[in-house]
Amino acid sequence: MKIHLKVWRQKNRHTKGKMHDYTLTEVDEEMSFLEMLDMLNLQLAKKGERPVEFDHDCREGICGQCGVMINGIAHGPLKNTTTCQLHMRSFKDGDTIYVEPFQAKAFPVIRDLKVNRTSLDEIIAAGGYVSVNTGQAPEANTILVSHEEAENAFDAAACIGCGACVATCKNASAALFTGAKIAQLARLPQGKKESNKRTINMVNRMEDLDFGHCTNTEACQVECPQDISVLTIAEMNYEYNKAKLKD
Amino acid sequence: MEKEIKANIPKGNLQDKWSNYKAQAKLVSPNNRKKLEIIVVGTGLAGSSAAASLAEMGYKVKAFCFQDSPRRAHSVAAQGGVNAMKNYQNDGDSVYRMFHDTLKGGDFRSREANTYRLAECSASLIDQAVAQGVPFGREYSGYLKNRSFGGVQVSRTFYARGQTGQQLLLGAYQALMRQKEIGKIKLYARHEMLDLVLIDGKAKGIIARNLDTGKMERHAAHAVVLATGGFGKIYYLSTLAMGCNASAIWRAHKKGAFMANPSWTQIHPTSLPQSGPYQSKLTLMSESLRNDGRIWVPKAQNDQRPPHEIPENERDYYLERKYPSFGNLAPRDIASRAAKEQIDAGKGVGALKNAVYLDFKDAIHEYGKETIAERYGNLFSMYEKITGINAYQEPMKISPSAHFSMGGLWVDYDLMTNIPGLFAIGEANFSDHGANRLGANSLLQACVDGYYIAPYTLQNYLADQIQVPQSAINHPAFEIAENQAKKQLKEFVSCQGNKTSEEFHRELGKVLYDNCGLSRSAEGLQEAIQKIQQLRQEFKKNLLVPGDVEDINSELEKAGRVADYMELAELMCIDALQRNESCGAHFREEFQTDEGEALRNDKDFAFTAAWEWSGDSSSPILNKENLKFEFVQPTQRSYK
């Protein structure tokens, strides 16, 4: 099929970017979206032009490195799908597709579609863990975790850290990302112990960085590849209030 | 000159070796640890767990990864599980049995002592991961759950839905970020190691390129740990991530580190088949699916009917037929070869006739759709996203695909290469899996190397380095290495040919897959070597890399990786060619039993081939580490 692309090109965070038009004529509907971009890049390289820089790695929806805005939607039109898992069968012959980077103050553009998401790592560094050193762990079955507890924790732990929640949020809030980690660990007996400290540290870090506030529009869950529930945000708020009362 | 090399295996009984080692290993006092610096390249399970553990002990650690965050390393993609000897199921498991399963699974081509240590340390890993908050599957009572995996008859696999690797890696990554927060680890994401720096024969640092700016950096340390994963991506189409590469270990090899058994690549039986020429990767479907899915092909060649129209008596459940006691859970090398046999016989299914069916009809009938969804839900939805097919209604189509590198840098019992101070852990080394890795042993090995072995063995090495001042990064060795790396990058850009590195990579991958993949022959390998040499010549003259050196440039990154693959590919073929036997994943057509199974030759080939760089990729030097079986008598592997 024939696909018209409008792709954001930007040299670096200090220069202005703009949309560029490209047309691909031999797109196969079995191709993944990123393979379609590979095709574009091959053509650009052959013409001596600079290929479009975009992030990707595992191409099976789990590493969280890929992610662009496709027609204004983070990761494109399919629900619970990363950019790499989106296939061209979701588009039709003659379509025009807008491809832009994830936009948020906390995600400065590196080049073209590549952005810097280290702010998400910074939030985890503030407390997204159980403070246990290697070698201290007791026999695993001495910590019983009911099936429901484990499944609930998993639902939150499934976050792949792609940043779609931030990109889609009109406030560029990282509440879903932060809430998911706080909820995962608060839902487990291993993580409950330091929940107060963890929650305050992570929330404070999130506010120190360039993320906006959550106003509960819930767009984040809609575009989350892992369908992380906004209830984790409520849980974060609950844990935060609880911690502040004890503070 | 061929020489025999020694692995420094501690004396004593199998079960005492590691405890003896730990009891006698040298220590570094807490005060001195902060004066010692360690570079860890790679932040997958092995790298993150080692970096975190060493930093917790008090060492200064620098961690490098090429991804934008350490959490993205390809350990995330492991789906099915991690093995550990807990015997929670009371099904007859023991450390010895796990050791024996692993040794046998590897077709008796690994070291007894290393394999035993892997089994011995496995239980602690589950304790560690649970303490970190890894949400493993649980029984309703709250106890940990297990499933079984290929090549064994007990249930010792722990899992977190279909995302075990991701959850384990998050545990290790979070431990790493915790140390970064308190300044014990300096993190260098979007950095790629371009060379290893040796001073007085010891590993003393690396040259890295900042991928965001293209700038070169020098980093010095008292020891360097490579945890850079496997190189299955050399086949181009593989289950690996796009960025996975051999560059760090290959460049260390060119600085003198031996490469061991490089041709032993696991071809995974349950990946999604290729659907077209533009394809960039093959997605793996977890082997755990084989617990409940039944593999079959139509009995007739070129059967055009859709699967539900083919009656039971016209289907061939070939694994159940050929290997009745293991059935669909036969080890990976055997399952992959059996699939290739059916596909080659014209019984393949799908548009390109390159797949076999994996059918859940019976399991859904027996356990209900809900149970199957709970076990494999995310895999079924992933399958649907990629293929557009609902596997609850129609069998999956699967196909073999390049997956895991059993080979890698040669290391001794300490996981140290033959270069003092250079360690290799996880998939980057060769040590534990012999000629074929058992499912769910990969996450295990990465974690055990990083959490439990490197912290002891590195310390044992570092104890003698306290008196040695840290090398300055203006030492000539750094300068030479940096200039060399720069020169190569400039050559790539100034070549101005008309073929991109990706196009070269695809061609190379095809040559390798056809001749040094599921089955190999002397004739095919010789032909492949010639083709690779030609391709390498062409690569030098006709490479197209747009953009600049000192700038962000993903085409340039690829060029460096493909240049290394061009050399490594030839070594793989040479390695496969010298091994005149079949073992595990290395199947030489000339050496098979009457029933078509691998025919080992223990008399002549019970050794690890540790190749030494000679300065020319076409004439490497073969060194041998003889494998001595003191505790287990190798037998012909049978899963019938």
### 222 nm mean residue ellipticity, helices alone, for chain A (DSSP H n ≥ 4; -39,500 (n - 2.57); rounded to 500)
-10500 deg cm²/dmol
### Message
Between segment B:1-43 and segment A:70-136, what is the separation of their alpha carbon centroids in Å?
### Response
41
### Message
Let me spell out the model: positive unit charges on the Cβ of Lys and Arg, negative unit charges on the Cβ of Asp and Glu, origin at the Cα centre of the protein assembly as shown. What dipole size does that give, in debye rounded to 20?
### Response
1900
### Query
How big is the charge dipole of segment B:269-401 about its Cα centre, in debye rounded to the nearest 20, if each Lys and Arg gets +1 on its Cβ and each Asp and Glu gets -1 on its Cβ?
400
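Give the ranking of B:I621, A:I182, B:I9, B:I529 by solvent-accessible surface, highest area first, calculated with a 1.4 Å probe.
B:I9, B:I621, B:I529, A:I182
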### B:W611 accessible area, 1.4 Å probe, all protein chains in place, Å² to nearest 10
10
### Task
Find the relative contact order for segment B:138-216 and round it to a whole percent, using C-alpha pairs within less than 8 Å whose residues are 6+ positions apart.
14
### Message
Which of the three applies to segment B:30-101, rounded, prolate or oblate, going by the alpha-carbon gyration tensor with a ≥ b ≥ c and a/c under 1.5 meaning rounded?
### Response
oblate
### Task
Express as a percent, rounded to the nearest 5, the fraction of DSSP beta bridges in the protein assembly as shown (both residues included) that run antiparallel.
70
#### Entry: Reciprocal mean inverse distance between Cα atoms of chain B - Kirkwood radius, Å
24.8
### Nearby aspartates and glutamates by direct alpha-carbon distance to B:K215 (threshold 17 angstrom, same-chain neighbours under 8 apart not counted)
B:D68, B:E192, B:D195, B:E479, B:E482, B:E491, B:D548, B:E550, B:D551, B:E555, B:E557
### Message
Run the reach check for B:K6 against aspartates and glutamates, Cα to Cα strictly under 15 Å, same-chain hits fewer than 8 apart removed. What comes back?
### Response
B:E112, B:D412, B:D414, B:E612, B:E625
### Message
For a quick check of your reading of the filter: which GluC sites (Glu not before Pro) in segment A:18-116 sit in a DSSP loop and have no more than 11 other Cβ atoms within 10 Å?
### Response
A:E26
### Query
Out of segment B:291-387, which chymotrypsin sites (Phe, Trp or Tyr not before Pro) are coil in DSSP terms and have no more than 16 other C-beta atoms within 10 Å?
B:Y317
#### Entry: Cα shape, segment B:269-401, gyration tensor, a/c 1.5 rule
rounded
### Summary
SASA check, B:S521, accessible area w/ 1.4 Å probe, all protein chains in place, rounded to nearest 10 Å², comes out at 30
## Note on the structure
Computed, not fitted: 222 nm per-residue ellipticity of chain B from DSSP H runs ≥ 4 (each -39500 (n - 2.57)), nearest 500, equal to -11000 deg cm²/dmol
### Task
Give the accessible surface of chain B per residue, rounded to a whole number of Å², with probe radius 1.4 Å and ligands, DNA and RNA excluded.
33
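By the gyration tensor of its Cα atoms, with a ≥ b ≥ c the square roots of the eigenvalues, what is the shape of chain A: rounded for a/c under 1.5, prolate for a/b over b/c, or oblate?
prolate
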#### Entry: Solvent-accessible area buried by pairing B with A, both sides, nearest 100 square angstrom, 1.4 angstrom probe
6500
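Anything over 23 Å Cα to Cα? Flag those among A:K181/A:K242; B:K603/B:K628; B:K26/B:K255; B:K17/B:K104; A:K114/B:K281, in the order listed.
Listed pairs above 23 Å: B:K26/B:K255.
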#### Entry: Quotient of Cα Rg and 2.2 N^0.38 Å for segment B:476-606, N being how many residues it contains
1.32
### Task
Could you grab the relative contact order for chain B? Cα pairs under 8 Å, six or more apart, rounded to a whole percent.
21
### Query
Starting at 0 and stepping by 5 Å, how many percent of the alpha carbon pairs of segment A:1-116 end up in each bin?
2, 12, 22, 27, 22, 11, 4, 0
### Query
How much accessible surface area, in Å² rounded to 10, belongs to the heavy atoms of A:L34 with a 1.4 Å probe?
0
## Note on the structure
Ordered by number, the trypsin sites (Lys or Arg not before Pro) in segment A:137-193 that occupy a DSSP loop and have at most 10 other Cβ atoms within 10 Å are A:K170
### Qualifying aspartates and glutamates (Cα of each under 18 Å from Cα of A:K6; at least 8 residues distant if same chain)
A:D21, A:E26, A:E35, A:D38, A:E49, A:E53, A:D55, A:D93, A:D95, A:E100, A:D112
### Query
Running Debye on segment A:118-246 with equal point scatterers at the Cα sites and no solvent, what base-10 log of I(q)/I(0) appears at q = 0.11 Å⁻¹?
-0.36
### Average silhouette area of segment B:1-52, convex hull of alpha-carbon atoms, in square nanometres
6.8
### Message
Quick check: net charge around A:L24, other residues with Cβ under 14 Å of its Cβ, Lys/Arg +1 and Asp/Glu -1?
### Response
-3
### Query
Between segment B:432-468 and segment B:167-209, what is the C-alpha centre distance in whole Å?
16
### Message
Is there a quick way to get the dipole size of chain B? I mean about its Cα centre, with the Cβ of Lys and Arg at +1 and of Asp and Glu at -1; what is the value in debye to the nearest 20?
### Response
1300
### Hydrodynamic radius of segment B:351-456 per Kirkwood, over alpha carbon pairs, in Å
17.0
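To the nearest µm²/s, what D does Stokes-Einstein give for the protein assembly as shown at 4 °C and 1.567 mPa s, using the Kirkwood radius over alpha carbon pairs as Rh?
After rounding, the answer is 47 µm²/s.
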### Summary
For segment A:118-246, the percent of accessible surface on carbon and sulfur atoms (probe 1.4 angstrom, ligands and nucleic acids excluded) is 50
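The values are calculated or read from the model by the stated rules, or taken from the named source; none is laboratory data. Fair warning: this is a prediction, and the values are worked out from it, not measured in the lab. Note: ideal-geometry Cβ built from the backbone for every residue, glycine included; neighbour counts use all protein chains shown. Only protein heavy atoms, including side chains, enter the accessible area calculation; ligands, DNA and RNA are left aside. Shrake-Rupley method; radii C 1.70, N 1.55, O 1.52, S 1.80 Å.
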